[in-house]
Structure formats: C-alpha cells, structure tokens
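The values are calculated or read from the model by the stated rules, or taken from the named source; none is laboratory data. Since we're looking at a predicted model, the values are computed, not measured. Because the Cβ atoms are built from the backbone with ideal geometry, glycine has one as well, and the counts that use them run over all protein chains shown. Surface areas here come from the heavy atoms of the whole protein model, side chains and all, with no ligands, DNA or RNA. Shrake-Rupley method; radii C 1.70, N 1.55, O 1.52, S 1.80 Å.
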Amino acid sequence: MGMIFLGLRNLLRNKSRLALIVVLIGAPFFLLLAMQSIGEAVDQQTAEMNRSVNTVLQLRARGSMGHVNMSNQDRLLPDSVVEKVRAIDHVIQVEPYLLAMSPTTLPNFAMHVGLAPAAVKRLESHGESGNPRIIAGREFTPEDAGQDVAIIGQGYAEWAGIKPEDIGKATFTADPTRTHPVIYGINRPKRTLRIIGMYASGYVFGDLQMFIPIDTFRSIYGIEHGFSWVFVQADSVDNVAAIAQRLQETVGDVADILAPKSAAVFTATTSRTVIQLAGAGGVAALVLMIVVVFFVLLMQVRERAREIGTLKAIGASNGGVTIQFLTEAIAFTVLGGLLGVVVFQLLGEAITARLFSLGIGSFLPSQYKPLFDSLSVSSHVSGSVLVLVVAVAVFAAVIGSSYGVWQAIKLSPLEAMKDE
Amino acid sequence: MNSALIELRGVSKSYRKGGETIDAIADIDLEVQETGMVAVVGPSGSGKSTLLHMLGAMDRPTRGEINVAGQVVNRLSQGELTRFRRQTVGFVFQTFNLIPNLTALENVALPMEFNGVSKAARLKRAKSLLERFQLGPRLKHRPRELSGGEMQRVAIARAVANEPRLVLADEPTGNLDSRSGQIIYEVLREISRERTVIVVTHAEDLARLADRVIHIRDGRLLDAPPMPGLPLDRNELHFVQQRAI
Ligand SMILES: Nc1ncnc2c1ncn2[C@@H]1O[C@H](COP(=O)(O)OP(=O)(O)OP(=O)(O)O)[C@@H](O)[C@H]1O
Ligand SMILES: [Mg+2]
C-alpha cells in the first residue's frame, strides 16, 4: 500500500516531464485506437458487401453475352440449366433473365430485361452497385406475370418522353425489328407496354433499361426456350467457391460461370490486407509504447539510484521497490491511454480518415478506392475498448519497465548508491 | 558488564582489480559492546566505510563471520537481510540521502511503514523524534527546504525510527560546517545512551566524544587501548589537517 502511494507521488516529481511522457504514450495509444477503428470499419464494410453482392454467381451461355438480338452474342442457356442449378446444395435462389438490346439515339442503345416479377431487378451493368430504386409508380406484383407492363429507367423514360407523373397511364412501344450496328432485327410485331413504375439507379447506363415480366418478354421477341443469364444466389460467401465448382461440374459444358470475383477478391485480399495493415499498425503502436516505458524507467532508475539504495538500506524489500516503480509506470501509461482516448474522441474521425488514406489507402489497388472513400470510421469508444486500453497500458508498463526494475533490484543497497 | 552486540571473527573483504587483489579489510577480529559511541578513525582508503557497510548488511565479507545482535549477518537470506536492515540497524549517510519528495515527517515515518507500524503510531513517533531533535517547526518541510544540519538530524531521526540496537554513521558531518557538525555529535551522543552508535569520522573532536576509538589502517585494526578521550595519532592528525585545507 505504502509503496503504491510512493509510486503515485513520484509521478508528480517533475510535472513537465510527466506531461511529456503522457503525450509520448498517448500518441501510440491514439494510433492503436485509430487502427482498431479502421479494422472494425473494414470488417463491417466487408460484412456489408458479403451480404449484398458477394453471394451471387452468374451463368451465361458459353462464349456468349446472351443478348437475344445481339450479333454473334445471341446463344442462350438451355432450359435444363435451371433445374440442375436448383439441385445444388447451398443455392437459395435461382433467377433466370432474358435480355434484348434496343436502339435509342445512335450509337446508343437501351436494354430490355425479362425477369420473374419477384426477382431482384439486377441491372445489366459493369459493376454491381446501383441496384434500382423505384422513384415513381410501383413494383411488380405476382399478378403482373404475362401482362403487358414494364418498369422503366428514368434515362430511358426521358428519351421516350415519359414523365414521372405519367406513370401508370404512360405506354412504351417495344419494336423488335429495329436495328443498330451490333443489333439485328427480329421480325415480330410491336408491343405496347403500360409503364407501371420508374426507377433510378444512380448511373447513366443503369437508367437506360426496362424491366418486363419474362413471359411477356418471350412473347414480344418470340423466344420460346432458353435464358440469357441465370443468377444464382448462395446462402453464404463461404459456399460461393464450392457452388462455382459444382456449377462447373454440372453445367460447365454449356455455361460460363461468373463467380463474384471482385467481391471475393476483395474479401480474400484487400480487406484482409487492410486488417493486417491495421493490425501491424496496432502492434507498432504497442512496441512504441513499450520502448517509451523502457527508456523512461531506465532513466528514472539511473536518476534515482542513490534513492533506491537508500530505500533498501532503510528496509525496503525488492518487492516494495518493484511495486513502487511498477505503480508509477502503470499510472503514466494509463494516463497516456486516457489522453489517447480523449484525443481520439475529439479528433478521431477526421484524423483517422486521413491516416487511413495516407497510411493504408495507398497500399490498395485503385479499383477499391471508391469503396474505401465510403468507409465510415467511428470514433466511438466503447466500454470494451476502454478495458482494452487499460489492459494494453498495464501490459506495456509491465513489459517496458521490467528491465529497469530489474536493474533497480539486482543491486545491493551499496552498489545502487555508488552507481551514479 | 554488557554482552557483545557485535562480534567479528577473521573478517576480510577483498576486491579483485585486474590481476591484483586489494584487501579493503584484512582479517579483522572485533567486539563491540551494547550501547555507547564508537568512533572509527583512519586515513582515506583504510577500509572504514567497507567495515561499516559489512556491519550494516550493505555488503558481504569475502571471509569470516559477522555476528550482530545474535544474527550471523553473512549468512542471512535476502529476506532476512531486508528485515535486518529494517529492525536491527539504522544508517546515517554523509550525503543525508533523504527521499526528496517526502516531507521530514514522512521521511522519518518511512522505515516504520516498512516495518508495519500503523499510520497513527508512526506519525506520532516521527513527530516526537523530530521534536526531540529541535525540528518541531520543520515537520512539513521537504529536504530542499532544510539546511544541511537539519537534513542530517532528520536522517538520524529516520535511522532510529524503528529503535535499532545499532546505528552506523559514515562521516555524518563531512558535508556540514563545524557548528552544525557539533550539534550532530551531540545528537549522536544522546542516542548512543540507548544503543550502540558507530561513527566513521575524520573529525578529532567527534572522536574525542566517543566512548571508544577504533583505529584502522590498510584494512587492519591498530592496537590501541579502548579508552575514551584518546587523542588521534600524529599521522592521522596530520591527515585531518590536510583534508581540512
Ligand atoms: N567496489 C570497490 N572495488 C574495488 N576497490 C574498492 C571498492 N570499494 C572500496 N575499494 C577499495 O577498498 C579500500 C577501502 O575503501 P573504503 O571506502 O572502505 O575506505 P575509507 O576508509 O572509507 O576511505 P575514505 O575515508 O576516503 O572514505 C580502498 O582502497 C578502496 O579503493
Ligand atoms: Mg569512506
């Protein structure tokens, strides 16, 4: 008890030095907290991505884009594929699509997408982001199957002169005979569809598309069999690779299998890299703390050699001397930790984001940059983080001070007093 | 007649420097009785401090046996040594060695704290000791707010806090002017009524106050009658004068 008290009083011997030590310890603590929060944010981001895009595989006829009227790209998947895919373990949903291209103002074109009314409306796009959001009218219902109805993208609607307030009354006439440098005409009658909803996707090509119930699509284009694309939803990311393997075995002879590469790669490499970098930063912070404690204790033991000798000469035990120095070391590391926490609460979000883009962002492949720009780092310090801070402080104090304390206790009182 | 508090048999302390062996203390036999003041005198490097350190369990002999208050000091374990320093001896240093961030009162109370004395009891005793040494108005002063003589009186109060049977003082007046030194002698003289006080000194007048003077040269005791008031021999007087210049 007495030695703990002496140790705490020793803290106040030199207040400006104490302030310096606390800042030197607080800085790596801040780093530790920043790294911890980055790791957490990436974890969350990854989980989010895993939920949304990571679990969907796509099938197309081998070597074909599968667009029903696109020159040399019009080979379709056979009907049997759907049943075979449904039979695979861990597949929770199978969504067949049909796609046709339709010229707009040359050289552009729009995409007509046939799907089951209940299917997720996946856009024909070059990225997985920007799933459509209804901005006027309504979604499909099961009753829309086989009806002459459609949900149109706002860009396509604008080209066709359809305004949001017209939705429900407006119509759109699909004309399969129209051509384009890469689109050939199908000799079928025009069909007028009632526009029941309008969506926005957030990017230009995504908004140049129109969703049609798949049976309606078949009758417009005269496609009785086959599918352009089949989307396969796995029950979890962990099973994606196995499902891809099974797909290869069962339908690989007729289909190209597009596993969610970007997302899988992201999970497997990038987020792991980031978490590793954050972890390495955390370890570096801990090492830095231990080094600071090490030198502070060494300096104090040197400075107070005579005092240590005196304490022993008047009856202090080695245990007592150890407790005194350890108390002091733990006290200033905990103070440093609290300073780190306070600064992190005040400035954490701003500084961490910058730290991230400089320290970690630059190690990432450029295509992931947008994902990380959206990373939201929280400076919230929870109770468990506080416990972590105190545990790390005590750990750093014990490890960092062990050499200095050993120097203090290994000497006899006489040697300590002479050691100046 | 009192029984011997201290008994040394064939005690040596050697240091090895390079190939050479220095005998700081060479084969000393010595007995010191309970209570009274003993002065240890001798030229610089003669082994006075070395002897004192071994008596106080601050250093171990190379050979021989040291018996203090019934304990064979050279055979004590680490824990027993700590208890010995706590209870059996008190040390007074030339450089005072007070703990700088503790008050006079706390400095005196500290060894009692190590010894498990309750807070109220140790503060009461520390206060009465300091008052006894005319430091009543200085209880809350820190060492840097005290004069050298005051610091040394605090150190003596600290040395006797646990009522040790032996107090060892190594040139306690070495850093003090003669007036302050005089007061320190009187205090040491006073505490030696209840215990044995061994003082290493170069000061002739302090040696003259002692009940017994031990002469030491080249690590050996000189044959001199253990009588109070014995003048220092001429060589030592000469040395003292040189040192004083
Ligand atoms: N740690 C050591 N290593 C080597 N030699 C030592 C050591 N300590 C003391 N000595 C030697 O032992 C001898 C006795 O030293 P000691 O300190 O006991 O002398 P002293 O009588 O106290 O002298 P002074 O009056 O100057 O304090 C000296 O020759 C000294 O050089
Ligand atoms: Mg000496």
- Lys/Arg Cβ at +1, Asp/Glu Cβ at -1, dipole of chain A taken about the Cα centre: which of A:A200, A:G153, A:N108 is farthest positive-ward? A:A200
- Message: Compute the angle between helix B:78-87 and the longest alpha-carbon principal axis of chain B, please, reported from 0 to 90 degrees and rounded to the nearest 10.
- Response: 60 degrees
- Item | Solvent-accessible heavy-atom area per residue, rounded to whole Å², over the protein assembly as shown at 1.4 Å | 46 Å²
- Message: Using the basic label-point model (7 angstrom from Cα toward the beta carbon), what is the A:V120 to A:A47 distance in nanometres?
- Response: 1.9 nm
- Work out the FRET efficiency for B:S147 and B:T95 from their Cβ-Cβ distance, taking R0 = 22 Å, and round it to the nearest 0.05. 0.95
- Query: Lysine pairs in the range A:56-235 with alpha-carbon atoms under 23 Å apart, 8 or more places apart or on different chains: how many are there?
  - Reply: 5
- Message: Can you compute the modelled spin-label distance between B:D218 and A:A391, with each label point 7 Å from Cα toward Cβ, in nm?
- Response: 6.8 nm
- Message: Beyond a 25 Å Cα-Cα separation, which of these cross-linked pairs lie in this structure: A:K312/B:K119; A:K418/B:K13; A:K410/B:K17; A:K418/B:K127; A:K418/B:K124; A:K418/B:K48?
- Response: A:K418/B:K127; A:K418/B:K124
- Note on the structure: With the dipole of the protein assembly as shown defined by +1 on each Lys or Arg Cβ and -1 on each Asp or Glu Cβ, the option from A:N69, A:V120, B:S147 whose Cα lies farthest towards the positive pole is B:S147
- Note on the structure: Computed about the Cα centre, the charge dipole of the range A:56-235 from +1 Lys/Arg and -1 Asp/Glu charges at the Cβ has a magnitude in debye, to the nearest 20, of 360 debye
- Item | Percent carbon-and-sulfur accessible area, chain B, ignoring ligands, DNA and RNA, probe 1.4 Å | 47 percent
- Note on the structure: The ³J(HN,Hα) series, computed from each phi in the range B:175-187 with the Karplus coefficients 6.51, -1.76 and 1.60 at θ = phi - 60°, rounded to the nearest Hz and given as x for glycine or proline, is 10, 10, 6, 5, 5, 5, x, 4, 5, 4, 4, 5, 5
- Of the beta bridges DSSP finds with both residues in the range A:56-235, what % are antiparallel, to the nearest 5? 75 percent
- Along the positive direction of the dipole of chain A (beta-carbon charges: Lys, Arg +1; Asp, Glu -1; about the Cα centre), which of A:M35, A:I183, A:V85 reaches farthest? A:M35
- Each residue of the range B:194-201 in order: what ³J(HN,Hα) in whole Hz does its phi give by Karplus 6.51 cos²θ - 1.76 cosθ + 1.60, θ = phi - 60°, with x for Gly and Pro? 9, 7, 8, 10, 10, 10, 7, 8
- Query: Among bridges DSSP assigns within the protein assembly as shown, what percent are antiparallel (round to 5)?
  - Reply: 65 percent
- Listed residues A:N72, A:N108, A:N239, most fluctuating in chain A (Gaussian network, C-alpha, under 10 Å): A:N108
- What spacing in nm lies between the two simple spin-label points modelled at B:S12 and B:K119, each 7 Å away from Cα in the Cβ direction? 5.3 nm
- Task: Multiply the residue gap between A:T171 and A:R9 by 0.36 nm, knock off their C-alpha separation, and tell me the result in nm, one decimal place.
- Result: 49.9 nm
- Message: Within chain A, what whole-number % of the accessible surface is contributed by carbon and sulfur, with the 1.4 Å probe and all protein chains included in the calculation?
- Response: 60 percent
- Taking the Cα centre of the protein assembly as shown as origin and charging only Cβ (+1 Lys, Arg; -1 Asp, Glu), how large is the dipole, in debye to the nearest 20? 1700 debye
- Once you've got the GNM for chain B with C-alpha springs shorter than 10 Å, pick whichever of B:T21, B:T82, B:T50 has the biggest mean-square fluctuation. B:T21
- Message: If exposed means no more than 11 neighbouring beta carbons inside 10 Å and the site is in a DSSP loop, what's the longest run of chain B without any exposed trypsin sites (Lys or Arg not before Pro)?
- Response: B:1-139
- Note on the structure: The FRET efficiency for B:S44 and B:K140, from their Cβ-Cβ distance with R0 = 41 Å and rounded to 0.05, is 0.60
- Task: Calculate, for A:K190 and A:D238, the FRET efficiency according to 1/(1 + (r/R0)^6) with r their C-beta to C-beta distance and R0 51 Å; round to the nearest 0.05.
- Result: 0.60
- GNM flexibility winner over chain A from A:L12, A:L24, A:L297 (Cα, springs under 10 Å): A:L12
